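The values are calculated or read from the model by the stated rules, or taken from the named source; none is laboratory data. Model, not experiment: these values are computed from the prediction. Here Cβ is always computed from backbone atoms with ideal geometry, including for glycine, and neighbour counts include all displayed protein chains.
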Amino acid sequence: MSKRKYSKCFYGRGGFTLIELLIGSTIMVVVILATLTLYMWSNKLAVDQQQFAELQHDVRAGMFFIARDVRMTGAGLPIEYSGYFLEGIDNESQGAIVAPDRLKLMGNIEEPLNLNIDNYQGAAVNVSLEDYSFEQYPYLDEYYENKVVLILPNPSSGCMNGEIREITHVTHDATGGNEKINFSPGLSIEFNPPGGLSGSCPNSDDYDGGLVTFIEVKEYWLDITGNYPGLTAGVNGYIGNGEGGILYLTQNGIHYPLAQNIENLQFQYNGDLDNDGNLDGFTDWDNTNWTNNLQLISRIGQVRILVLGRTENPFVSFSGTPPANIHLYRRPALANSPQASQDDMHRRFLLESTATMRNLSLNLYNLGTR
C-alpha cells in the first residue's frame, strides 16, 4: 500500500516543458553575454588605465632628467664661459605635424675634475699638469681612459676656444710629479659643444695656466618620425626604424632613449636679456638672433620645460564614447606650438616645470677662484 502511494506521488510530478527550457536557456545566455560584455569593458578600462599610468611614468622620467641637467648647466666651468653653457632650437621641423624644440647643455655634471695646466702646445698628444694634480681626486689611473675632457685656456689669454679631446691614458710619478694626460693623435670627437666653443687657440702659450675638466655635452630632443635625417638605426644608440615619439638624451655623441609615447617637447627661457636689472619673462628661443650670441645667452637664468605624452592606443571610456568638448583627446597648444584641429581619442598627460640654473656661477669643487 505504501509502495503504491510512493510510486504514485513520484511519477505524478510534472517535468519542464520545452517552452520553459527555452526561456531558461535564453535567460542564461543573456546573463552570460551581459557578464562577458561587462568583463570586456572592464578589461578595456583596465588596459586604458595601465597605458595611461605608463605614460605618466615616461613623462615624469623624462622631466626628471631634463630638469636635473638644466639646474646643473655650467657646473664646474669658469663663469667667463657662461655664454657657451646652453643652446636651443625652436620648433625644429622633422616633416611631421608637431615641431618640437631641442636643448643642448654643457657642464662638468657627472664627475668633478678641474686640473691646472702647466704646459700645453695646443692639439698636442699630451698636456702637462701641475704637480700633485691627480692626487686631488680619488680616481684610479684606469678611470681616465676614454674619458672626454675640455681643455680651456687661461683667463688672461683673450682666447675663448676650447678643445674637446678623448683621453687614452695618464702618466705620473709615484711622488706626484711629471703628471700628464695623454691623447691619441687625430682622435675624432663627433659632437660639438654649445655656441661653437670647439677650436684651438692660435698661441700655444694661451693654455699655460689653463684648465682641464671632464665635460658632458647633453642634448635633449624628441624624435617624432623615427627616421631622423642624418641618423642611422642601430648606430650610437639611435633606435630609428620608424619608431617615433621617443625622447632622447644625446650625451657626448651617444643617443640614449629616455621615454616613449612623447608627443611634444617645448622649452622657454627667462632672464634679464635687455640688461635692465629685471627678468623679462619666459619666451621661446630666437633661432635668428640668439644662436651664438654669447653675451645674451649668458643672461638666461631659467628654463621652462613642457613635456607632453600621448597614449599609444586610442583611449576608451566606460561608455565607449569620449566626453565632448573637454579636449582630453586633442593635442593642446604648448608655447608657440599650435593646438591640433580635432580630437583623436588618444589621452594626453602634460607636465610643466621651471628649472633655475643655480650652478651657473658656483665653484662646486672648492678649488678657489680662477
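The table below lists the values:
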| quantity | calculated |
| --- | --- |
| Residue identified as at pLDDT below 95 and in contact with a strand residue (DSSP E or B) (Cβ under 6 Å, 6 or more places away or on another chain) among TYR120, TYR132, TYR137 | TYR120 |
| Lone qualifier among GLY240, GLY177 - being over 30 Å from GLN56 (Cα atoms) and assigned to a loop (DSSP other than H, G, I, E, B) | GLY177 |
| Residue match in the stretch 152-164 (condition: touching a strand residue (DSSP E or B) at 6+ places or on another chain (Cβ under 8 Å), over 13 Å from LEU115 (Cα atoms), surrounded by fewer than 17 Cβ atoms within 10 Å (Cβ to Cβ) and in contact (Cβ under 8 Å) with a residue 24 or more places away in the chain) | no |
| Qualifying residue in the stretch 204-226 (condition: at pLDDT below 90 and either acidic (Asp, Glu) or farther than 22 Å from ALA355 by Cα (or both)) | yes |
| Unmet criterion (only one of (1) over 18 Å from the mean Cα position of the chain (by Cα); (2) in the same structural domain as PRO100 (by TED's automatic domain parsing)) for GLN251 | (1) |
| Qualifying positions in the stretch 165-206 - crowded, with 19+ Cβ neighbours inside 10 Å, among the aliphatic types (A, V, I, L, M) and more than 14 Å from MET106 (Cβ to Cβ) | ILE167, VAL170, ILE181 |
| Some residue of the stretch 327-341 being at pLDDT below 65 and either farther than 30 Å from PRO78 by Cβ or among the basic types (Lys, Arg) (or both) | yes |
| Residue in the stretch 86-100 that is touching a residue at least 40 places away in the same chain (Cβ under 8 Å) and farther than 18 Å from ILE262 by Cβ present | yes |
| Of all residues in the stretch 1-59 being under 57 Å from the mean Cα position of the chain (by Cα) and aromatic (Phe, Trp, Tyr), the one that is modelled with the highest pLDDT | PHE52 |
| Residue match in the stretch 224-247 (condition: more than 25 Å from GLN51 (Cα to Cα), hydroxyl-bearing (Ser, Thr, Tyr) and in contact with a helix residue (DSSP H, G or I) (Cβ under 6 Å, 6 or more places away or on another chain)) | no |
| Output for the stretch 245-263, where each listed residue is crowded, with 20+ Cβ neighbours inside 10 Å and assigned to a loop (DSSP other than H, G, I, E, B) | GLY245, ASN261 |
| Criterion violated by GLN266 - all others in (1) assigned to a strand (DSSP E or B); (2) modelled with pLDDT under 95 satisfied | (2) |
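Quick grid of which residues meet (1) outside the structural domain of ASN261 (by TED's automatic domain parsing); (2) within 26 Å of SER200 (Cα to Cα); (3) not in a strand (DSSP E or B):
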position	(1), (2), (3)
ALA99	no, no, yes
LEU113	yes, yes, yes
ASP131	yes, yes, yes
PRO138	yes, no, yes
